[in-house]
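In what follows, a single structure is set out as structure tokens and then discussed.
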Amino acid sequence: MTEQISGFQKPDIIISEADHDRLTDLADAAGARLPAVAEALLDELARADIRPAGQVPPRVVRMGGTVEYVSGGETRRVTLVWPQDADIAKGKVSVLTPVGTALIGLAEGQTMTWTGRDGRAHALKVLKVG
């Protein structure tokens, strides 16, 4: 399944059943406080290929996983975490940020676009997972 966005196609994503359930609850709870990010996360969850944890390929970004990506000409290495564990100084990015939501479920080599909190379109490409 792919979806057209501003001239780009959203890539297929894979999320484990457990992460999908917990992320859905998180997005629902954050809806009043962070409506744009919560809606973006729910949109990603709705289009995801949901699999048992053991069937998620190892090169897919999942919660608690480390990912190296390039965006705006800069290469970054971060760990995707739950909001309470976020610490940007330590490279721990919350899934409840626009970039965190963009990363969830992507595989190495995939490119994703998202709208940042600044209202501008951004793009990233996953270089390495793990």
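Read the figures in this text as sums done on the coordinates, not as results from a lab. As the structure is a prediction and not an experimental result, all values here were calculated from the model. Don't worry about glycine lacking a Cβ; one is built from the backbone with ideal geometry, like all the others, and counts go over all protein chains shown.
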Quiz item: What are the lysines whose alpha-carbon lies under 16 Å from the alpha-carbon of LYS125, with same-chain residues fewer than 8 places away excluded?
Solution: LYS10
Quiz item: Taking every DSSP beta bridge that has both residues in segment 8-129, what percent is antiparallel when rounded to the nearest 5?
Solution: 75 percent
Quiz prompt | Relative packing of 113-121, 77-85, 41-49, which averages over residues the other C-beta atoms within 10 Å, highest first | solution = 41-49, 77-85, 113-121
Quiz item: In a Debye calculation with equal point scatterers on the alpha-carbon sites of segment 14-130 and no solvent, what is log10 I(q)/I(0) at q = 0.11, 0.13, 0.20, 0.21 Å⁻¹?
Solution: -0.31, -0.44, -1.12, -1.25
